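Peer 1: First the structure, then my questions, so here it is.
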Amino acid sequence: MPIPTLSEKLEWLKPAPMTLYERECAAKIPRGDYEIGVQTTNDILEEAMEVFVRSSRSYFGVSGDSMVAIFTASGDLVNAACGTYLHAIIQPIIVKFVLKHYKENPGIREGDIWYTNDALYGGIHNPDQVALMPIFYRGKLLAWASAALHTTETGAIEPGGMPVSARSRFEEGLNLPPIKIAENYELRNDFLEFYSVYGLRAPAMFISDLRARCTTADRVRVRLLELVEKRGPEFVVGLLHKMCDTAEAGARKKIEALPNGKFRGVVFNDAIGWTPALVRSCYLTVTKQDGRIIFDFQGTSPENASSYNVHPQAVVGHIANFMYEYFFHDLPIASSTFAPIDFVFPECIILNPSPTAATSCCVFIGMQTRCATHNSFARMMFSSANLWRQVAASPGTQHTSQICAGLSQWKLAVADILSFALNTQGQGGRATGDGMDSYGFAWCAFGRAPDSEQVESELPLTITLSQHWKDSCGHGRHRGGAGAVQQWMVHKVPELVSLCMGNGSKVPLFQPLFGGYASAPIPGISIRKSDLLEKMQKGDPQLALDHRAILGKDTIKGEWKYELIARTPQVYQEGDVLFGFSGGGPGYGDPLEREPDAVLEDLVKQIISDWTAQNIYHVVYDPERRKLDAEKTRQKRDGERRARLARGKPYAEFVQEWSKKSPPKDVLQWYGTWPDAKPTGPVFRP
Amino acid sequence: MNSIDIDVGGTFTDLVLNFNGMPMIKKVLTTPYDLSVCFSRVIEEAASGLGLKMEELLPAIDMLRYSTTIATNRLIERKGPRLGLISTEGHEDVVLIGRGAQWIDGTRVAERRNLAVQKKPDPLIPRDMIVGVKERIDSRGRVIRPLDENDARKKVRYLASRGARGFVVSLLWGFLNPVHERRVKEIIRDEYKEYHIGYVPVVLAGQVVGKLGEYERTLAAILDAYLQRSMQIELSAMWDKLREKGYRKPLLMVQSSGGIAEVFRTTASRTYNSGPVAGLMGAYHVAKSLGYHNVVMTDMGGTSFDVGLVVKDSVRSYDFRPIIDRWMVGITMIKTLSIGAGGGSIAAINRLLQNQVQVGPRSAGSMPGPACFNLGGAEPTVTDADVVLGYINPDYYYGGRMRLVPSRAVQAIRDKIAKPLGVSVEEAAQLIRKIVNGNMASAIMKEVHLRGYSPEDFVLFVGGGAGPTHVEGFKGDIPKAVSFSFSPVFCAFGSSTMNIMHVYEVSKKITLMEPRTRQQTQDYETFNRTIEALIEQAQRDLAGDGLDWNRAAFVLELDMLYGGQFHVKRALSPRLFLHCQEDVQAVCQAFEKEFSEAFSPFVVNPEGGVFVESFVLKAIVETEKVHLPNMALAEPDPAAARKGERPVYWPEAKDFRVTPIFGYEGLRPGNVVEGPAVIEGEYTTIVAPPSMRFSIDERGLGILEA
């Protein structure tokens, strides 16, 4: 069976043309009934989402980082409850693949549940798994329902579902193309047995989440059929297609309002797997012309032999996060909103790798395509009278993705992610004001961080500090939101295995806007054989549990280690300490234009340091009383502006000087040719 | 027993008086600037209804119950005192980080989608008024860092020097081992003694909420500290006024836990949402007396539509992390759903979505209110649609005390809806009504389905001033809708049915069944000790209320979960104490049954072990209830109640039809009004469409059915 080609995937993102019957059904929906019908689908999805959250076991499930959706019979996503927008546009690929290839053998029948986690067939990466149910009424396929969720275990060469060291898809654990796992409304025992023995480290959690997905999709099916019973199949078919059509019309209207032109965003990544490596992770040219938008990724670095590659539809998924949060926020979540949008993915780039490529850590690269989209759209929208308020820098998505595995204090096998650092990222600075401090998770803006007590209750850790991370934000006229920091001490068990995924230790990954500053990179810090617990128990009055004091003054003794954020699985002993960071958001606009009072307020809130206030924002104040000296501030800022001019040089001169520079060769292994990032040869994978 | 029940709502303040066996209802406009004004006014109205003065009525009253929005009002105004927060060192930012997406709390899904405009709420305690003290207790309740008293003293002085007028002490795991929280309080008291001018209240979070989750626990404590003074002043003023007028019995506050408690034993945060909860408790009581097992309780007011469910004779559905204003708190409340649909809900056209018509959640409130109020409102609302369609009599709104101006309603609907859509004003008004009814019906369906039932299994109770006017549209597949003479004041009626109840919660993790081996615990002592401690506390409190605790019934609920899960399910424990393996098994089975029914049998997971996370003990003292009377049935013909006729729009006819109008107060048990008809009461209007009929049964209930 052929893996879907790129052109098939891109074609399947577009809504299928309406049949005459569907068009007639849509035309018959009376006003008023349509509005109520839309609300009914919202309530069906909300109900199913609540069931999903309550019945999931993995962390992502319980925090609602998931999606439940309704599709037309031909596979276009019509409405969804999210969680995350990642899957909203791209799931039609899976449905349309099933429709194209499996209609006859094994057949699509009432009571089926289809299941997949293979990104080759339309997903994000293999921890993201989706259950799909066809909805039949009197033998006729009317619609589809789905439930998608990230489960933190896939039986890969490392625990946690996102193996950093995987070099090909064959080291990523379970990669399951769309497959029928239930017939006649019953899960097949042979498949359940297969999952149980496959080599998953937490099979019970995996099966539980699988059941949660199936239960959720079935709940949507049942409710939609109730609507069919009440209003008739024609009404439901018409409703779904009218919703599709309405969403598309809204999207076209919004896109029409954008100015024509070409807009560019370029982003670099600093690590591939465990090793430092510079790649041009996204070279994006956005063209707006004639009511259409084209995303063109020519110029992006080639693919590599790690799991830091992204399949094209996963790129679209990440872009959907930006679109639904800032541009399409007032449109329904429907895949037809992307009908006026096209994509160009050259072959064998990091954003369109070969089928054998590993992609389990794709999200770290995928999010950089979101950053490039933020910046390209910022340039497009900032001069628009209606849209300038929607301009914002990318969120600060670099974070410590720390996995803990082992036996908990409750003697339970655990393998889950420490999610505080995911869910407390800083929002990017906005045209209308600062980004929110610790606003959430860039992949799922509404997801929540756990309480420290919740984590300590479940996992063998004591969280010895949990604070806003001072100076983590990108500075600017409107600064990015601050990130946060936690200090995790292994406690209550003799040992624990931990590893970490991520990027952004060397280079600030997420770019500021219009003269703002980038936010702080994320270090990988641990202390083995630390004396923290001992000092706490002794009541050492000198011990200050403040991250700046600890990191700056070395008040905790032990074997300190500073590494890249991505770290291999290691055993940590009781008393060992790890640090987890969530990134601050990049800034918007020149810091010299920031209101001095806002700078002083940031000092009070402990979001920035005195050094930053004085040397980045150039504010003069009495440090004791925090009283502003407005005149001296004005003078200091004028001085800095003059100094900038003195440091400046003509553009041509700058380009001439700059273009001679090159990063060290050993970090360019995966970059491609310098500086234009062309492939240098084939990628060999085990 | 003579009693008064008062419920303050956003628009109206409602009263139910039970006097010498005769019920009376009253409604006055709420005075948000000073709730004691409408509180007194509604009692005066009731007294005058009996031909008495307030001071003549109050000495004869045995019980006064009060559900209030004072807490919410004062919170929105942000007029609380300057507080200092003392946390564990290293965790000072807990309430500011707000578990990340704090900005979504208190917002609707549609409101939170645009990330470009979101903001976290301004904190009630700013960062410079938060300190961390050197101490630490771990998840087992063990001290792993002793409290540094010098450090604590220094930080208390710092907060006082910065103007703290109250302290909140919230230390990690302080609910499990309160030794450090108590010691910090002693230090504060040592510094600022009761007789000092600088004496300030100190709230210990572990005492406010005995449950895991430092963010929600701290916020509950902050809200209590923040609101305590203003509520104390306001309630004391009411209390003094009542006493001045001769009332000598206790003032009881309705609580969101479903019980009532003496005013000075009530914390501010527990009064939140007490109105809708009282309504649900009233529905529970009435359903029990009528033999209905499953009831959907609805309350449609000016701005919101509240839904609560009685399922299998129980209201045990809880919100474990409710939002008060913008703050998530760790207090467990009885769950009610609120959507933005009411008489004041604004209709608008979404031009981006092909002129889709949206009704709510924006509301015109009571000021300026619907356009027909003629108080400056220009947006078309649901009430405007009802006036245009002839359902609401503009001359008899609020018993004729508020004259409505139909031309304003017509103008608003014409300009904002009818013209842009190219339809008539009547069609536009009908569209507004249809959509708001449809949205409410859908909300009911969702709530019913979430509990695993079908609408056909339920009876619908109608409450709120706008409820009877719209119930024909939102009852959906529920066969029978029941309205009451007290429907417009249903929440106030509800509180008259509530028991005195104290709720005690404590988090304590106990393994009932081991993971994998499924071995049941034999450590009954730990479980039983926890219960005994809670019962002792309850007995002390009941004695403090002047109640005989021997009269109290104790009900145990357990927050339980399977190993590896995060979300707890609160299950009714079939045993108060554990004495043998059968007891443990009974508790596990009860949990499995409730869990499976609530979510899915697919996700039952005993292999992961069964754990108790929190204990919830309810000490309940029954109060005397109002009973529905049994009356003789008159003839079906309602002619005696007929007031006249007027043109009313019926969508079935797509036009106005001259329709009979009846006076609600004139209808007698046994009367049957065949639709189409409109029945006007002093505080509400009942709409009976052509396919339905409205009858009054022997209990005085109004039944609307096909």
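Peer 1: Count, for each residue of A:599-609, the Cβ atoms from other chains sitting within 10 Å of its Cβ, then give me the mean as a whole number.
Peer 2: 2
Peer 1: Return the subset of A:LYS253/B:LYS434; B:LYS288/B:LYS625; B:LYS569/B:LYS593; A:LYS561/B:LYS134; B:LYS211/B:LYS569; B:LYS53/B:LYS241 for which the Cα-Cα distance in this structure is over 18 Å, preserving the input order.
Peer 2: A:LYS253/B:LYS434; A:LYS561/B:LYS134
Peer 1: Among the aspartates and glutamates, select those whose C-alpha is under 20 Å from the C-alpha of A:LYS9, and discard any that sit fewer than 8 residues away in the same chain.
Peer 2: A:ASP76, A:ASP118, A:ASP128, A:GLU248, A:ASP296, A:GLU303, A:ASP342, A:GLU347
Peer 1: Still on this structure, I have one more. Averaging sequence separations of C-alpha pairs under 8 Å and six or more residues apart, then dividing by the length of chain A, give the relative contact order as a whole percent.
Peer 2: 13 percent
Peer 1: With an 8 Å cut-off on Cα pairs and a minimum separation of 6 or more residues, tell me the relative contact order of segment A:449-527 in percent.
Peer 2: Across segment A:449-527, relative contact order equals 29 percent.
Peer 1: Another one. Expressed as an acute angle from 0 to 90° and rounded to the nearest 10, what is the orientation of the C-alpha long axis of helix B:524-544 relative to the principal long axis of chain B?
Peer 2: Taking Cα atoms only, the helix is inclined about 60 degrees.
Peer 1: Here's a follow-up. Order B:393-406, A:389-402 from most to least packed using the mean count of other Cβ atoms within 10 Å.
Peer 2: Sorting B:393-406, A:389-402 by mean packing, highest first, produces A:389-402, B:393-406.
Peer 1: Compute the FRET efficiency between B:ASP325 and A:GLU229 as 1/(1 + (r/R0)^6), taking r as their Cβ-Cβ distance and R0 = 41 Å, and round to the nearest 0.05.
Peer 2: Working from the Cβ atoms, E equals 0.50.
Peer 1: Grab the beta carbon distance between B:ARG642 and B:SER454, set R0 = 45 Å, and tell me the FRET efficiency rounded to 0.05.
Peer 2: 0.75
Peer 1: Quick one: Cα centre-to-centre distance for segment B:524-562 and segment A:3-76, in angstrom?
Peer 2: 48 Å
Peer 1: Just to be sure I understand the rule: take each whole DSSP H helix in chain A, project its Cα atoms onto its long axis, keep it if the span is 15 Å or more and its mean Kyte-Doolittle hydropathy is at least -1.0. Which ones pass?
Peer 2: Those that pass (Cα extent of 15 Å or more, hydropathy at least -1.0) are A:33-55, A:91-101, A:203-231, A:233-256, A:312-322, A:362-381.
Peer 1: Relative contact order for segment B:585-706: what percent, with Cα pairs under 8 Å and sequence separation of 6 or more?
Peer 2: 18 percent
Peer 1: Now for a different question. Where Rh is the Kirkwood radius over the Cα pairs of the protein assembly as shown, the temperature 25 °C and the viscosity 0.890 mPa s, what D in µm²/s does Stokes-Einstein return?
Peer 2: Rounded, D is 74 µm²/s.
Peer 1: Same structure again: Assuming R0 = 45 Å, what is the FRET efficiency of B:GLU56 and B:PHE656, from their Cβ-Cβ distance, to the nearest 0.05?
Peer 2: Efficiency, rounded to the nearest 0.05: 0.40.
Peer 1: Excluding residues fewer than 8 places away in the same chain, name every one of the lysines whose C-alpha is closer than 18 Å to that of A:LYS605.
Peer 2: The qualifying lysines are A:LYS470, A:LYS627, B:LYS119, B:LYS120, B:LYS155.
Peer 1: How many nm separate the modelled label positions at B:GLU77 and A:TYR651, each set 7 Å beyond the Cα in the direction of the Cβ?
Peer 2: Taking the simple label geometry, B:GLU77 and A:TYR651 are separated by 5.9 nm.
Peer 1: Something else now. Give me the dipole magnitude in Debye, nearest 20, for chain A about the Cα centre, with unit charges on the beta carbon: positive for Lys and Arg, negative for Asp and Glu.
Peer 2: 1500 debye
Peer 1: While we're looking at this one, here's another question. 7 Å from Cα along Cα→Cβ at both A:ARG188 and B:GLU111: what's the point-to-point distance in nm?
Peer 2: Modelled inter-label distance: 4.8 nm.
Peer 1: In a shell of Cβ-Cβ distance under 11 Å around A:PHE268, excluding A:PHE268 itself, what net charge do Lys and Arg (+1) and Asp and Glu (-1) give?
Peer 2: Taking every other residue near A:PHE268 into account, the sum is +1.
Peer 1: Continuing with this model, one more query. Can you compute the charge dipole magnitude of segment B:128-173 about its Cα centre, using +1 on each Lys and Arg Cβ and -1 on each Asp and Glu Cβ, nothing else charged? Give it in debye, rounded to the nearest 20.
Peer 2: 60 debye
Peer 1: Still on this structure, please answer the following. What does the highest-first list of A:285-292, A:110-117 look like by mean Cβ count within 10 Å?
Peer 2: Ranked by mean Cβ neighbours within 10 Å, highest first: A:110-117, A:285-292.
Peer 1: Could you work out the helix-only [θ] at 222 nm for the protein assembly as shown, with each DSSP H run of four or more residues adding -39,500 (n - 2.57) and the total divided by the number of residues, to the nearest 500 deg cm²/dmol?
Peer 2: -9500 deg cm²/dmol
Peer 1: Using a cut-off of under 17 Å, list every residue of segment B:39-55 whose amide N is near the label point 7 Å from the Cα of B:ARG401 along the Cα-to-beta-carbon line.
Peer 2: What the label zone holds, given the 17 Å backbone N cut-off, is B:39-54.
Peer 1: So for the pair B:ASN630, B:PHE554, with labels modelled 7 Å out along Cα→Cβ, what separation do we get in nm?
Peer 2: 3.8 nm
Peer 1: Using only Cα atoms, find the angle between the long axis of helix B:179-191 and the longest principal axis of chain B, and express it within 0 to 90 degrees, rounded to the nearest 10.
Peer 2: Taking the Cα atoms of chain B, the angle to B:179-191 is about 90 degrees.
Peer 1: Ranked highest first by the average count of other Cβ atoms within 10 Å around their residues, in what order do A:328-335, A:273-280 fall?
Peer 2: Per-residue Cβ counts within 10 Å, averaged per peptide and sorted highest first, yield A:328-335, A:273-280.
Peer 1: So which aspartates and glutamates can A:LYS492 reach, going by Cα to Cα under 15 Å and dropping same-chain residues fewer than 8 places off?
Peer 2: Excluding near neighbours in sequence, the set is A:GLU453, A:GLU456, A:GLU458, A:GLU534, A:GLU574, A:ASP576, B:ASP138.
Peer 1: Residue by residue through A:331-337, how many Cβ atoms from other chains fall within 10 Å of the Cβ on average?
Peer 2: The per-residue average across the peptide is 1.
Peer 1: For peptide A:531-541, how many partner chain Cβ atoms fall within 10 Å of a residue's Cβ, on average?
Peer 2: The per-residue average across the peptide is 3.
Peer 1: Just flag the chymotrypsin sites (Phe, Trp or Tyr not before Pro) in segment A:606-686 sitting in loop per DSSP whose Cβ has no more than 12 other Cβ atoms within 10 Å.
Peer 2: Here the chymotrypsin sites (Phe, Trp or Tyr not before Pro) that fit, given the DSSP loop and packing criteria, are A:PHE684.
Peer 1: How far, in degrees from 0 to 90, does helix B:149-161 lean away from the longest principal axis of the Cα atoms of chain B, to the nearest 10?
Peer 2: The angle comes out at about 40 degrees.
Peer 1: Taking θ as phi - 60°, what are the ³J(HN,Hα) couplings along segment B:677-693 by the Karplus curve (6.51, -1.76, 1.60), each to the nearest whole Hz, with x for Gly and Pro?
Peer 2: Along segment B:677-693, the couplings run 7, 10, 10, 9, x, 5, 10, 7, 10, 9, 10, 10, x, x, 8, 10, 9 Hz.
Each value in this text was obtained by applying a stated rule to the coordinates, not by laboratory testing. Keep in mind it's a predicted model, so treat the numbers as computed, not measured. Cβ atoms come from the backbone with ideal geometry, glycine included; neighbour counts cover every protein chain shown.
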